[in-house]
């Protein structure tokens with residue numbers, strides 16, 4: 001039976017304070033990279049719940065999403081496996097809250113606050129080209145209300 005193609009669903013938090021954006025520096029298979037707090041949607045959670053969880057895990061900060069900045073699809077071929085990989089990314093902006101005294105996710109080296117120009121100046125360190133795209137679209141005022149997102153849960157019985 002052939003493998004079924006499935007995109008990877010991810011979320012990202014675009015968090016701005018005083019002209020700077022909260023980023024994470026993480027270890028990846030391509031070396032140390034910068035990204036927004038981001039990660040995969042887990043089973044049984046909404047997109048909003050996922051971005052709140054990922055932000056807490058990667059930055060130790062509370063996050064309250066207030067709007068959707070954009071939805072993005074990106075494709076690339078994995079250098080490691082040669083497989084084509086597709087990501088669907090939902091980027092949220094919102095309010096950053098309390099910073100907790102807790103360890104960051106495995107692989108996260110630190111958090112840092114950077115201006116848009118500082119982010120643009122180190123594109124070779126970006127985990128994804130969507131890092132700067134999301135910042136630029138946030139700065140351009142792109143926002144969709146959260147009520148356009150719907151999570152429908154239903155229990156299906158196996159027949």
Residue 153-residue 132 pseudo-label distance in nm [points 7 Å out on the Cα-to-Cβ vector] | 4.0
Helical mean residue ellipticity (222 nm; -39500 (n - 2.57) per DSSP H run of 4+; nearest 500) of the chain = -5000 deg cm²/dmol
Label point at residue 109 placed 7 Å out along Cα→Cβ; residues across segment 26-45 whose backbone nitrogen lies under 18 Å = 26-38
By average Cβ neighbour count within 10 Å, what is the ranking of 45-53, 122-130, 60-68 from highest down?
-> 45-53, 60-68, 122-130
By count of other Cβ within 10 Å, fewest leading, how are 55, 86, 10 ordered?
-> 86, 10, 55
Which shape class, rounded, prolate or oblate, goes with segment 8-146 when its Cα gyration tensor gives a ≥ b ≥ c as root eigenvalues, a/c under 1.5 marks rounded, and past that a/b bigger than b/c marks prolate?
-> rounded
Once you put a point 7 Å from the Cα of residue 118 and another 7 Å from the Cα of residue 66, both along the Cβ direction, what distance in nm separates them?
-> 2.2
Two pseudo-spin positions, 7 Å from Cα along C-beta at residue 40 and at residue 57, lie apart in nanometres by 0.9
Compute the Cα gyration tensor for segment 82-149, then decide on rounded, prolate or oblate, letting a ≥ b ≥ c be the square roots of its eigenvalues: rounded whenever a/c is under 1.5, prolate when a/b is larger than b/c in the other cases, and oblate in all that remain.
-> rounded
Rel. contact order, % - alpha carbon contacts under 8 angstrom, at least six apart, segment 8-146 | 33
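Just so you know, all these numbers are worked out from the coordinates, no wet-lab data involved. Everything numeric here is computed off the predicted structure, so don't read it as measured data. Here the Cβ is made from the backbone with ideal geometry for all residues, glycine too, and neighbour counts use every protein chain on show.
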